[in-house]
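The values are calculated or read from the model by the stated rules, or taken from the named source; none is laboratory data. Being a predicted model, the structure only gives us computed values, none of them experimental. Note that we place each Cβ from the backbone using ideal geometry, even for glycine, and neighbour counts take in every protein chain shown.
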Amino acid sequence: MQDKHHLHYKVVSTIAIPPALTPPVSTKDEPEASDVDDTESLLRHYFSLKHDLTALYDQWSRSDPNFRKKAPKFTGIRILSQDPWEALIGFICSSNNNISRISQMVHKLCKYYGPLVGLIGDEAFHDFPTPQALSGKKVEAHLRELGFGYRAKYIAETARLVCEEKPEGWLERLINPENPGWSKAVIPKDAEVPTYRHAHEQLLLLSGVGPKVADCVCLMGLGWGEAVPVDTHVWQIAQRDYKFGKGKTKTFSKAMYDSVGDHFRNIWGPYAGWAQSVLFTANLKSFSEQASSKAEVVDVKVKVEEVGDATADEPQARTRKRRQVVVTEAVKIESNTSTEAIRASKRVRKTRS
């Protein structure tokens, strides 16, 4: 939960592991267990709080009039720093999918293949499964039974490739060294210094990973801020707001994909993927309507009138009064410049007394 100034969180202890009957033999080189609570550090990493978002917005606004126009209504948008493996499988699940189904798939992966983390009441919580857990021979068939469709094959094959054909720590070696991950994987000192381009091309070698999924993983799992995932929304933004390309292109080639990303990298710089996420959000119908909506004010006036009611046969004998309640409703739309009445209605309710 969060407010304008703080992120509120609660820490729940995991299952207590009973001590072994015979304590293990300790070694001098074995690190001692730490009792330090690193929850805040984990949250700061996960929500990428080390980045000065105000300074980044200012930088993008100075270099891009379109961003300067749209950004004020969409402040505070950050890119998460996810675990690389979890981001990879999560975005494979995202292919031709919606957020609700993606969340369900990730939950099923954790439930059926992830190690148990702890219990809160009667509800069990599982960690995300390892590549080894998803590389079994029966995984694909089981995932299809769980509703993963064609993505089941991609997940099982990618897990097998990472386990059997890639060196240990391969995915972690693709992490941006300037934005190190939370992973404790040991990177060899003689390992080649990764680049965004190298990481992107390596991910394309995996099953079910195209250019957009590769860039999503680079941006949110490997810390490459310059990665710009290009989907139909971003392509629409490039054409409409930046005059990129001519007409409607029926085929969107890898060369065209790279050109769009390079175009935005030239404008926004090393955190182009972050800037793209702001305009991506602004382009979504649900968010754009929310930003353009105006406050609705309803004025209700009640007028009570006493009206005499005499019958023709008894002009002076009995006079009945009835209360006529007139309700006038005016709905006004308030903006910064004017107040405009857009609807007025009159409802009459009569009561006798």
- [ ] Could you figure out which of (1) within 14 Å of residue 84 (Cα to Cα); (2) modelled with pLDDT of 95 or more isn't true of residue 204?
- [x] (1)
Open item on the list: Looking only at helices (runs of 4 or more DSSP H) that lie completely in segment 208-274, which have at least 1 residues being modelled with pLDDT under 95 and over 27 Å from residue 62 (Cα atoms)?
Closed with: 254-268
- [ ] Would you check if residue 160 is at pLDDT 95 or above, within 25 Å of the chain's Cα centre (by Cα), within 24 Å of residue 219 (Cα to Cα) and not aliphatic (A, V, I, L, M)?
- [x] no
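Within the group 76, 136, which residue is free of Cβ contacts under 8 Å to residues at least 60 places away in the same chain, on the phi > 0 side of the Ramachandran plot and of a type outside the set (Asp, Glu)? Spell out how you get there, then give the answer.
Details: 136 fails: on the phi > 0 side of the Ramachandran plot.
Unique residue meeting the criteria: 76.
Looking at segment 47-63, which of its residues are of a type in the set (Ser, Thr, Tyr) and either under 28 Å from residue 1 (Cβ atoms) or in contact (Cβ under 8 Å) with a residue 12 or more places away in the chain (or both)? If you could, list the steps in order and put the result at the bottom.
Here is the first cut: in segment 47-63, the ones of a type in the set (Ser, Thr, Tyr) are 48, 54, 57, 61, 63.
Correct list: 48, 54, 57, 63.
Show me the helices (runs of 4 or more DSSP H) found entirely inside segment 52-145 where at least 2 residues are in the same structural domain as residue 201 (by TED's automatic domain parsing) and farther than 20 Å from residue 42 by Cβ. So that I can check it myself, show each step before the final result.
On the way: elements: 53-63, 65-70, 84-93, 99-113, 139-145.
Result: 84-93, 99-113, 139-145.
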Open item on the list: What's the number of the only condition in (1) outside any loop (DSSP other than H, G, I, E, B); (2) at pLDDT below 85 that residue 187 fails to meet?
Closed with: (1)
